[in-house]
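Colleague: Sharing a structure below in structure tokens format, with a few things to ask.
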Amino acid sequence: MSTSTPALGADRRVSHGLARALRSPSLRLIGRRLAAAIPVLWGVTLLTFLVLNIMPGSAAQQLLGADATPEQVRQLEAELNLDQPAWVRYWEWLQGVVTGDLGNSIASGQPVTTIIGQRLPVSVELVLCAIIVSLAFTVPLALMAARRPNGIVDRLSMVLSMTGLSIANYVFALVLVVVFAVIFPVLPAIGFVPLSDGLLGNLRSLILPAIAIGFPLFCFYTRFLRGDLVEQMRGEDYVVTAKAKGVGPWRVLIRHAFRNSLFGLLTIVGLNLGTLIGATVIIEQIFALPGIGQELLQAINNRDAVVVQAIVLLLAVVVVVANLITDLLYAVLDPRIRYGQRSA
Amino acid sequence: MSTYGAPHSAAASVSGDGSRPSPSTTMPLLEVRDLWVRFRQGDRQVWAVNGLSYELFGGQTLAIIGESGSGKTVSSRALMGLLPETATVTGSARFDGEELLGLSDQEMRQHRGADLAMVFQDPTRSLNPTMRVGNQITEAIRTHLPLDRRAARERAIELLRLVRLPSPRQRFFEYPHQLSGGMRQRVMIAIALAADPKLLIADEATSSLDVTTQAQIMELLLDLQGQLGMALIMISHDLGLAASFADEVIVMYAGRAVERASTHQLFAHVRMPYTEALLEAIPRIERPSHSPLPVTPGRPPDLTTLPVGCPFEPRCSRARDTCRETSPPFEEQEPGHWWACWYPCDDGGSG
Amino acid sequence: MASVPPEAPERPMLETAGAAAVSPRRRRGWVRSLDVAIPAGVLALVLGACFLWPIVASIPPPTGGDVLESNLPPLSPGHVLGTDPVGNDILSRLLHGGQASIQIAVAVQGIGLVLGGSLGAFAAYVGGILDAVIMRCLDVLIAFPSLVLALAIAQSLGPSKVNTIWALTFFSIPAIARISRAATLRLREQPFMVAARLSGTKMWRVLVRHIAPNILPQLVTFGLLGMGIIIILEGALSFLGLGVPPPAPSWGNMIFIGQQSISAYPRLVLMPCAFLFVTVLSFNLLGEALRARWSAQ
């Protein structure tokens, strides 16, 4: 018993390490979340399919125009595989998804993966710009507001955030267009310059749309962060400890309260991604950006079920994965979760 | 190595071992005069502390005893300038000859942690969960002492050793949740000692711990006090604890002091019925087992109005008409023994 | 127009404003009640303008304008705010568009309150596997980017006012159901609820007599907070051509039509934008103030 071979010992160590890794709370959390996400994603595809199939008027009719004969329509439907029962098509589509084949667009015949590959980077760049810009403004404003609750900065931030939460993004986008493209023509109102044509032009074409998405976002983040900071400064004992050490107010705010608020802010950013996707549909439409939102709207209007389904699934996956990453980052960053609760 | 390198050796020069300065000859370290604290709560006023006065000499231990809401915690936080903005503080508190009340927050910060330090009730909530305990100590060190990162770390480890935390070098890098409750409170004490304070306020520092740990932490505090020559204010609801550790005791009720004496004198001759009631509530070995503990009937008074008579009158067994009509003054009625009562207990009343 | 009586949405707001004015904290009570009174007043003004003005005063119809009178500037005779490129009176379109937006929002939140509220309360009350299934289904709806879902539904049903309402209820029902479920779960363990259960009261009776009156104020507050979002979403649908179909006005499709001549006539966009913003802001402020009052209690 006591003389085990070295190889066996190593093996046991490996399996022990694996077992410990599997028992680690963050990994188990991720596993649980993944297991819960799969039925949700499946439900999303089913719902999309149902919604798309109660659409009156077929895609073939749409493609051929109003003066097509019933024969022509039927022929095209057969070509596009639209004449089979809905559940058969759903099953085939689902099989395709599992094997990584999202099918071809009904309208253009292009593979959906190619379309997504072209359109997605634009939207991702837009959303990332919006998030980064809004966070860059949120953090200093919320800190200044929380430094003196009910002070002048705080009141201003409250008014600003309430305004931002009440203004529809398309309204704000159009106001931006009126101000910066019509009254003072300094920025392009529509169009997109790809990154390959130069960074400066690319960023210039993204400034207005990113602000249009980012401003309400900034207001939302600021409202949350300010509230969380004020609550901590009022209620948390470790804030009192820090003050009792003689630490200055800014340092207490940043090193103690903000450090703890960061986790909450991260969650908010992750959870809010779903709403952001809705915003990109409109904003891309207004600024004529060739992103995924524009493609989605086009596909909905063309009754291009294959594309709509693929994009909706993609967006749902993005939302679910964003939530998952939020949890994961949380687990990596928050020591309480990182090491598990060892003591009482 | 800087002069701040080793906390215990540096502090040992401040006071000789055990020889305490005599109260009559030196100036008190802390002199509180007529301290009033009231809170704005919506449209009402809460009268939390009403005219508290005491003095404390270097190296002494003072216990402030009272129920929750008696003003014991509020009065000590007022000294540290840690009350929320809704509080109004009046009166005087001279620390080492300097007036603390009315200092700006920036001036007060020079004293907080450096001259006066505080250990709080709940170490779990009082430590920042997202910071390594070592950094929480070095933060306190580097706020007040001109040490670089390395020297501050060495001093922090030295402090952890001083509060008898096992394997301090390793604990330095751990997070609060990795420590037990007693260990966390030791870390809190290490933070409080970071800049060699002259006065340590322990606000119910042992109440949230189990009995064994409680005794250990209390022993540690008293050892450190002797070793470092600090003055110690012990805030507690436990008169028994005061009896075993304090030089002097102040009993507070409804925001005012109701009895004050040296520990010895107080327990020999209890005068105030409230103190007596507290004393009766301490479990004792000589009582027959399973006999019920006497409980003071009634609830602590409503602090939103100042009563005309004695605030303890509604719960007092000795109360008469005078008590209802006029509030008894808090005066030194015997040498070294202050109390506020019209009909004090006689000598036979104490245990 | 006749489906929602004009004074219906006004009454609860005026009542809350009145209740605040006689609050027991008299000294600074009137200052405190301003946070409710101001947005409620502005809302009453907007609602009155949209629903009463077209009845009381004679203003031109919102559609079928004369092309000869197109693009008149504001303060033209007979057209206070001018006309749009097809000669319709802008003020009239704004007021009728507001009617459409508010009717849709009230209907969506009303349906959400009834269906979502009872679904959530039912799920929480029965608990167990049924609760889990219902909540999973709501999760699906919430994981779905709400606007995308509304777009798809609006497209498949075809653009019309009624279909816009149904499309948007997919947004309000799950949100209100969640709040209702949480509120009911908190109630479930209250002594009077336990007593009602133990005494063998029928489930629907407990739900109607005990749970509904208790969670309703909270749900209504939440519904009020959501009004702003629904008005914005309705505007978005109309803006994308999938909401109220032109020529009938709604604030959203007015913005959309105005966008096509934005460089020549920015006011065609800015005026409905301003109305939309003021209305949504008032709803948000009112909901926020009521919520604050709620959590203070």
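Colleague: Determine the shape class of the range A:112-301: with a ≥ b ≥ c the square roots of the Cα gyration tensor eigenvalues, call it rounded for a/c under 1.5, and otherwise prolate if a/b is greater than b/c, oblate otherwise.
Modeller: Prolate shape, in that a/c is at least 1.5 and a/b is the bigger ratio.
Colleague: Considering amide H positions built from the backbone, and no H for Pro or chain starts, which residues 5 or more places from B:S53, or on another chain, come under 5 Å of its amide H?
Modeller: Close amide H contacts, sequence-distant or interchain: B:D34, B:L35, B:A257.
Colleague: Summing +1 for each Lys or Arg and -1 for each Asp or Glu, what net charge is found among the other residues whose Cβ lies under 15 Å from the Cβ of B:T212?
Modeller: That works out to 0.
Colleague: Could you sort A:220-231, A:126-137 so that the peptide with the highest average Cβ count within 10 Å comes first and the rest follow in order?
Modeller: For the peptides A:220-231, A:126-137, the packing ranking is A:220-231, A:126-137.
Colleague: Next up: Sort C:159-166, A:149-156, B:109-116 for me by packing, meaning the mean count of neighbouring Cβ atoms within 10 Å per residue, highest on top.
Modeller: B:109-116, C:159-166, A:149-156
Colleague: Please compute the average number of Cβ atoms from other chains found within 10 Å of each residue's Cβ in peptide A:244-255.
Modeller: Mean number of neighbouring Cβ atoms from other chains: 6.
Colleague: Residues with beta-carbon under 11 Å from that of A:L34, excluding A:L34: net charge, scoring Lys, Arg +1 and Asp, Glu -1?
Modeller: +2
Colleague: Less than 10 Å Cβ to Cβ from B:M252, Lys/Arg counted +1 and Asp/Glu -1: what total charge do the surrounding residues give?
Modeller: +1
Colleague: For the range C:174-198 and the range B:52-116, write down the distance between their C-alpha centroids in whole Å.
Modeller: So the two Cα centres are separated by 47 Å.
Colleague: Moving on. Of the accessible area of the range A:112-301, with the probe set at 1.4 angstrom, what percent is carbon plus sulfur?
Modeller: Looking at the range A:112-301 in its full context, I get 70 percent from C and S.
Colleague: Tell me, what is the per residue accessible area of the range C:94-296 in Å², probe radius 1.4 Å?
Modeller: Dividing the accessible area of the range C:94-296 by its residue count gives 38 Å².
Colleague: For chain B, what is the calculated [θ] at 222 nm in deg cm²/dmol (nearest 500), taking -39500 (n - 2.57) for each run of four or more DSSP H residues and dividing by its residue count?
Modeller: It comes out at -9000 deg cm²/dmol, rounded to the nearest 500.
Colleague: Sorted from largest down, give the three principal axis spans of the alpha carbons of the range C:94-296, whole angstrom values.
Modeller: Extents along the principal axes: 71, 38, 24 Å.
Colleague: While we're looking at this one, here's another question. May I ask you to evaluate 6.51 cos²θ - 1.76 cosθ + 1.60, the Karplus curve with θ = phi - 60°, for each residue of the range B:335-341 and list the ³J(HN,Hα) values in order in whole Hz, giving x for glycine and proline?
Modeller: Karplus values, whole Hz, x for Gly and Pro: x, x, 9, 9, 7, 10, 6.
Colleague: Which residues, if any, in the range A:256-292 have at least 50 Å² less accessible area in the whole protein complex than in the isolated chain, probe 1.4 Å?
Modeller: So the qualifying set is A:R259, A:I282.
Colleague: Which residues, if any, in the range C:255-270 lose at least 10 square angstrom of accessible heavy-atom surface (probe 1.4 Å) when the other protein chains sit next to their chain rather than the chain being alone?
Modeller: Buried by the other chains: C:I255, C:Q259, C:I262, C:S263, C:P266, C:V269, C:L270.
Colleague: Further question: Using Cα pairs closer than 8 Å and at least 6 residues apart in sequence, work out the relative contact order for the range A:112-301, in percent.
Modeller: 32 percent
Colleague: Near B:K198, which lysines are there with a Cα under 18 Å away, not counting those fewer than 8 places off in the same chain?
Modeller: Result set, ordered by chain and number: A:K243, A:K245.
Colleague: What list of ³J(HN,Hα) couplings, whole Hz, do you get for the range A:118-126 from phi and the Karplus terms 6.51, -1.76, 1.60, once you set θ to phi - 60° and write x for glycine and proline?
Modeller: 7, 8, 4, x, 4, 5, 4, 4, 4
Colleague: OK, next. What accessible area per residue, rounded to a whole number of Å², is obtained for the range B:20-174 using a probe radius of 1.4 Å?
Modeller: Per-residue accessible area for the range B:20-174 comes out at 43 Å².
Colleague: Return the value, in Å² to the nearest 100, of accessible area buried between chains C and A (probe 1.4 Å, both sides summed).
Modeller: 3300 Å²
Colleague: Let me ask something else about it. Of the options A:L120, A:M233, A:V247, report the single residue whose Cα projects farthest towards the positive end of the charge dipole of the range A:112-301 (beta-carbon charges: Lys, Arg +1; Asp, Glu -1).
Modeller: Of the options given, the answer is A:V247.
Colleague: What does the highest-first list of C:83-93, B:163-173 look like by mean Cβ count within 10 Å?
Modeller: Sorting C:83-93, B:163-173 by mean packing, highest first, produces C:83-93, B:163-173.
Colleague: Okay, moving on. Starting from the Cα of B:K72, draw a straight line to each of the aspartates and glutamates and keep only those under 13 Å, dropping any in the same chain fewer than 8 residues away.
Modeller: Leaving aside aspartates and glutamates fewer than 8 places away in the same chain, those within reach of B:K72 are B:D203, B:E204, B:D238.
Colleague: Another question, if that's okay. Report, as an integer, the average count of C-beta atoms from other chains found within 10 Å of each Cβ along A:91-98.
Modeller: Other-chain Cβ atoms within 10 Å of each residue's Cβ, averaged: 0.
Colleague: What's the buried accessible area, both sides, between A and B using a 1.4 Å probe, rounded to 100 Å²?
Modeller: Roughly 2500 Å².
Colleague: Could you derive backbone 3J(HN,Hα) for the range A:163-177 from the dihedral phi with the Karplus parameters 6.51, -1.76 and 1.60 (θ = phi - 60°), listing whole Hz in sequence and x where the residue is Gly or Pro?
Modeller: 4, x, 6, 9, 9, 5, 5, 5, 5, 4, 4, 5, 4, 4, 4
Colleague: Okay, moving on. List the residues whose amide H sits under 5 Å from the amide H of B:V119, counting only those 5 or more places along or on another chain, with H placed 1.01 Å from N in the peptide plane.
Modeller: The list, which skips near neighbours in sequence, is B:I201, B:A202, B:D203.
Colleague: Okay, moving on. Quick one: in chain B, what % of C-alpha pairs are over 24 Å apart?
Modeller: Percent of Cα pairs beyond 24 Å in chain B: 58.
Colleague: A further question on this structure: Using amide H atoms built in the peptide plane, which far-off residues or other-chain residues are under 5 Å from B:Y253 H to H?
Modeller: Under 5 Å from the amide H of B:Y253 lie the amide H atoms of B:V258, each far enough along the sequence or on another chain.
Colleague: Can you give me the Kirkwood hydrodynamic radius for the range B:138-191, using every pair of distinct Cα atoms, in Å to one decimal?
Modeller: 11.2 Å
Colleague: Partner chain Cβ atoms within 10 Å, averaged over the residues of B:178-186 - can you pull that number for me?
Modeller: The shielding value for this peptide is 2.
The values are calculated or read from the model by the stated rules, or taken from the named source; none is laboratory data. Model, not experiment: these values are computed from the prediction. Cβ sites come from the backbone with ideal geometry, for glycine too, and all protein chains shown count toward neighbours. These area figures cover heavy atoms from the full protein model, side chains too; ligands, DNA and RNA do not enter into them. Shrake-Rupley method; radii C 1.70, N 1.55, O 1.52, S 1.80 Å.
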